[in-house]
Amino acid sequence: MNENDSLTTVLLKSVGVYTDAAVEKIISKRAENPGMSLAEAAVKFGGVREKEFLAAVGASLGLAVVDLERQNPNPDALQKLPASAVTQFNVLPFAIDAESVTVVTSDPFDTAAADGLRLVAGRRIKTVLAPKEDVEKAVKKFYGVGAEAIEKMLEDGRYEVGDDFGAMTKIDVSEMGEEASIVRFVNQIIAEADRQGATDIHIEPQETELRIRYRIDGMLHKVDVPPQLNRLKSAIISRIKVMANLDIAEKRLPMDGRIGMRIAGQDIDIRVSTMPAAYGESISLRLLAKSGSFVRMDDLGFNERDYAVVNKIIHRPNGIFLVTGPTGSGKSTSLYSFLSEVNKIDVRIMTAEDPIEYHMAGINQVQMQADIGMTFARALRAFLRQDPDIIMVGEIRDRETAEIAINASLTGHMMFSTLHTNDAAGAFPRLIDMGVEPFLIASAVAGVMGQRLCRRLCQSCRREVPLDRKYYNLDYPPAKETVFEPNDGEGNTCDKCSRTGYKGRRALFEVLDVDEDIEGAIVRRENATQIRNMALSKGMRTLREDGWAKVFEGVTSVKEILRVTEEQ
């Protein structure tokens, strides 16, 4: 054992929570990972949770452990250390007095960090302890995502606010997107969105700020960013346009592009949309995983009746199965799960998509390109000469596409597609409004599925409460007298759901099976309400009823179901 190992052994044993065998394991594992700090190795390989480790170290060395969720740092302390130093050493300035700055750290053994911070601050450095993840979250909260990159860009004074779009003083517009610090900042914004499970990033220039928001579980959340970010909006927008191969000099027209990135070992496809606005170009990024495991049909959350109906329909030799709902209701995810279910070696599947959101092995996926005439209708005509068994069309938008799809189904093909209607029964009047003959609709459509997405309750911090009957107005009695609600934010907080009370989403369904009676109603041009009531009499469960079932299962909350199914 060398001198360093002997010192390390003394340090670890002084903590008082490690056996001799654990100390030896920590030292040997750390030797195999040269870049790992002693504190990281102790937590990862010592068999003791980080909070217990920090509490023991604090007791041994006389250091306090702080709760960064409940205790905020002194604003003057935050001003004392630059973002670059805070990020480099992963510390958070917490308190300040005439002689010292107190910083929060997760690594009490890092003496080099204390020396470096003392030089930067010009004062003595005192330390208190908190878990590494808590420190990282607090740094992003109080300094903003990518603060060190923004700080570096502003140090040399090249960026000034000169007009509504953020003028550059010493750098040409064509070079803005290539600055190393801007590249790093944009990458950090995208990586943080992916880490939080965001589906969209919205970058919105305002009069006094550049607002960045993530859409997580269907809800928008503002991102903490440095206040100086507004001065760099031209550079940030230009960088994104460079990544998407868009013309950075064109600011008057909306444009669309794509970015391919690899984050945490996974390929991410990003759809980029720009739109001229009052204070600069508004940019929306949609994050899509290029590949990976698809949601299995068994895991979508169907009740027993709906599962049986859908399973019967998707295995038919011909017909049309429509999935309806607003944008962002999970229609594509459901369609891919159905395709995965019927994707066999003896079945030829072709899809027309705009865009191709996920790549699935074994099927032929075609990207629509309206600018060169490659539309859904044209693709459908070509598909029929390709001998397919199953065809999926991303969306039926017009009469031409609808009629070709119906004719394809009547000539022995199984069709999957989506339609924008509020519920399942609304699909039939919508097709009739497009100009399709009712008798063709009745003959071709095998079933329609309405869909919505509701947020799932966080299973770690949900709480059980009595059912408030003022919300319950169905004709049948509630399945339970208690339901689960999200945490109230007063002591019931949870890191896993970022203190929102929800984590992930779950689909609600209503499945309308087209039988002879429904066919007759379609031919008679009955309205959506009449068709819906007929389907209900035959066992269909509405979106709200499916939602209530998931409330009593503890999947989601009453208020969430009322929000998602408001039109019902």
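The values are calculated or read from the model by the stated rules, or taken from the named source; none is laboratory data. Remember, it's a predicted structure, so these values are computed and weren't measured experimentally. As a convention, Cβ positions derive from the backbone with ideal geometry for all residues, glycine included, and neighbour counts pool all protein chains shown. All accessible areas refer to the heavy atoms of the entire protein, side chains included, with ligands and DNA or RNA removed. Shrake-Rupley method; radii C 1.70, N 1.55, O 1.52, S 1.80 Å.
Some observations on this one:
- Here is the short version for the chain: Cys454 have no other Cys C-beta closer than 4.7 Å.
- Per-atom-type breakdown for the chain gives carbon and sulfur 47% of the accessible area (1.4 Å probe, protein chains only).
- A crude spin-label estimate for the pair Arg70 and Val183, with each label 7 Å from Cα along the Cβ direction, gives 4.5 nm.
- Exposed loop sites here mean GluC sites (Glu not before Pro) with a DSSP loop assignment and at most 11 other beta-carbon atoms within 10 Å; the chain contains its longest site-free run at 208-480.
- Size of charge dipole - the chain - debye, nearest 20, with Cβ of Lys, Arg +1 and Asp, Glu -1, no other charges: 420 debye
- Reference-scaled alpha-carbon Rg (2.2 N^0.38 Å with N residues) for region 301-415: 1.03
- Between region 94-140 and region 532-568, the alpha-carbon center distance in angstrom: 51 Å
- Accessible area of Phe45 (1.4 Å probe, protein heavy atoms only, ligands and nucleic acids ignored): about 40 Å².
- Computed accessible area, Asp20, all protein chains, 1.4 angstrom probe, square angstrom: 90 Å²
- Cα centroids of region 197-242 and region 54-81: 30 Å apart.
- Checking every one of the trypsin sites (Lys or Arg not before Pro) in region 378-458 against DSSP loop status and a limit of 14 other Cβ atoms within 10 Å picks out Arg385.
- Ranked by solvent-accessible area (1.4 Å probe, protein heavy atoms only, all chains present), the residues Thr111, Thr542 order from largest to smallest as Thr111, Thr542.
- Counting DSSP beta bridges with both ends in region 346-470, the antiparallel % (nearest 5): 10 percent
- In the assembled protein chains, Met374 presents an accessible area of approximately 50 Å² (probe radius 1.4 Å).
- Listed residues Lys503, Lys550, Lys29, Lys44 arranged by accessible area, highest first, probe 1.4 Å: Lys44, Lys503, Lys29, Lys550
- In loop segments of region 65-126 as defined by DSSP, the trypsin sites (Lys or Arg not before Pro) with at most 13 further C-beta atoms inside 10 Å of their C-beta are Arg70.
- The residues of the chain have, on average, 48 Å² of accessible surface per residue, using a 1.4 Å probe with all protein chains present.
- Share of Cα-Cα pairs in the chain lying beyond 33 Å, as whole percent: 57 percent
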